[in-house]
1. Can you tell me which residue within region 230-249, out of those that are surrounded by 14 or more Cβ atoms within 10 Å (Cβ to Cβ) and not hydrophobic (A, V, I, L, M, F, W, C), is nearest to Leu216 (Cα to Cα)?
2. Which of the residues that make up region 34-58 are within 13 Å of Gly75 (Cα to Cα) and touching a residue at least 60 places away in the same chain (Cβ under 8 Å)?
3. Report whether or not Gln135 is modelled with pLDDT of 95 or more, surrounded by fewer than 19 Cβ atoms within 10 Å (Cβ to Cβ) and out of contact with any Pro (no Cβ under 7 Å at 6 or more places or on another chain).
4. Which residues, counting only those in region 62-72, are touching a strand residue (DSSP E or B) at 6+ places or on another chain (Cβ under 9 Å) and either outside any loop (DSSP other than H, G, I, E, B) or aromatic (Phe, Trp, Tyr) (or both)?
5. Give region 276-296 a look and list any residue that's within 16 Å of the chain's Cα centre (by Cα) and either in contact (Cβ under 8 Å) with a residue 60 or more places away in the chain or farther than 17 Å from Gly93 by Cα (or both), or say none.
6. Keeping to region 73-93, report how many residues are part of a loop (DSSP other than H, G, I, E, B) and touching a strand residue (DSSP E or B) at 6+ places or on another chain (Cβ under 7 Å).
7. Restricting the search to region 138-172, which residues are acidic (Asp, Glu) and at pLDDT 50 or above?
8. Of the residues Leu284, Leu266, Leu248, only one is under 19 Å from Leu228 (Cα atoms), at pLDDT 95 or above and in the same structural domain as Leu228 (by TED's automatic domain parsing); which?
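The values are calculated or read from the model by the stated rules, or taken from the named source; none is laboratory data. Every value quoted in this text rests on a predicted model; they were computed, and no experiment measured them. Every residue, glycine as well, gets a Cβ built from its backbone with ideal geometry; the counts of neighbours run over all protein chains shown.
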Amino acid sequence: MLDDPKLNGTRLGGPIYEEHDPQVKLQETVAGWIRTIAEQHKLIPWQSADFHIEPLGPGTHGWIVHVLEQQSPVGYLIVTALEGGGYRLAEYGVGEQPIFHLERLRESLVQQKLIEPATTVEELAAWLSFPGQPQVPQDENVLTEAQGQKKLKIERHYLYPFAAYWKVHSEDWRQPVYFDAITGEQYPLTKDPSSKPQIKAEIDYQPTKLSKLKDLMQLPKFDPYEDLGWIVEPPLRVRSIDDVIEPLRGKQRLTLTVELYDELVLLPYPIIGYAQWEQTETYLLIYSEGLRYVPLIDAVGYGHIYLEQNE
């Protein structure tokens, strides 16, 4: 459940904005996108969903949108504000295991023996840090001293679709620890990647205008490690959308790889489809603990795409 006082609640059936909410334009944009995605993708749970918006950060000028049906996650959106004005849909996903899912983080922290097994998702939610806002005082009903769990500070960082991670630290630790925002896997990092200038692809981002899907495809998921033949092949030279879409239409396997954090992390993603929108950019469908639609322009800008050769 998401019941943090920072969350802005909206019901798609009839938007009701909190009187003190200064971001009505953001709310209206997000509500429209969710309606369009629900209709065009034929996502029944999204059609009557609520959503909550939380800021990402610090310094990202972005938000995570939790799409909820009866308080259970059914998807998410990542929204960023562009310097020239307007909002961009940085990615969106479908399923019960969204990006920045606190339950997955809790499991990873327990596995690494960084928190007590009895620690709950509600406790982790109370420790979330929001940009520009002090941490909410701990509710005595949420955490008791008898549990013996030290208070943590938890931050969500989203640099771009493939560089999204949790930063978790405690006054008792020598340094923070970092976890992948999707899988919960711990990263071998000693410094916060957000503190180092990122070498960004030269991408001219435009505000997102979702209208109608021109084309949509979803193939079965696969494990990029089950056949490593693609590793020895040169990556695709992507000059146009068709260079990626045509192999998918032919049901060929494509794998996206992204190297992160001074090549300490290599992430391979199976590309299992796409969503080609009119009047806006094309999104690739990748599988990573769920269905993620990430912009093709970011996949090409930050990673490499490999084609599995048929023997």
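1. Looking at the filtered set, the residue picked out is Pro247.
2. Selection gives Ile37, His41.
3. No.
4. Gly62, Trp63, Ile64, Val65, His66, Val67, Leu68, Glu69
5. Answer for region 276-296, where residues must be within 16 Å of the chain's Cα centre (by Cα) and either in contact (Cβ under 8 Å) with a residue 60 or more places away in the chain or farther than 17 Å from Gly93 by Cα (or both): Tyr283, Leu285, Tyr287, Ser288, Glu289, Gly290, Leu291, Arg292, Tyr293, Val294, Pro295.
6. 1
7. Glu155, Glu171, Asp172
8. None of the others qualify; the one that does is Leu248.
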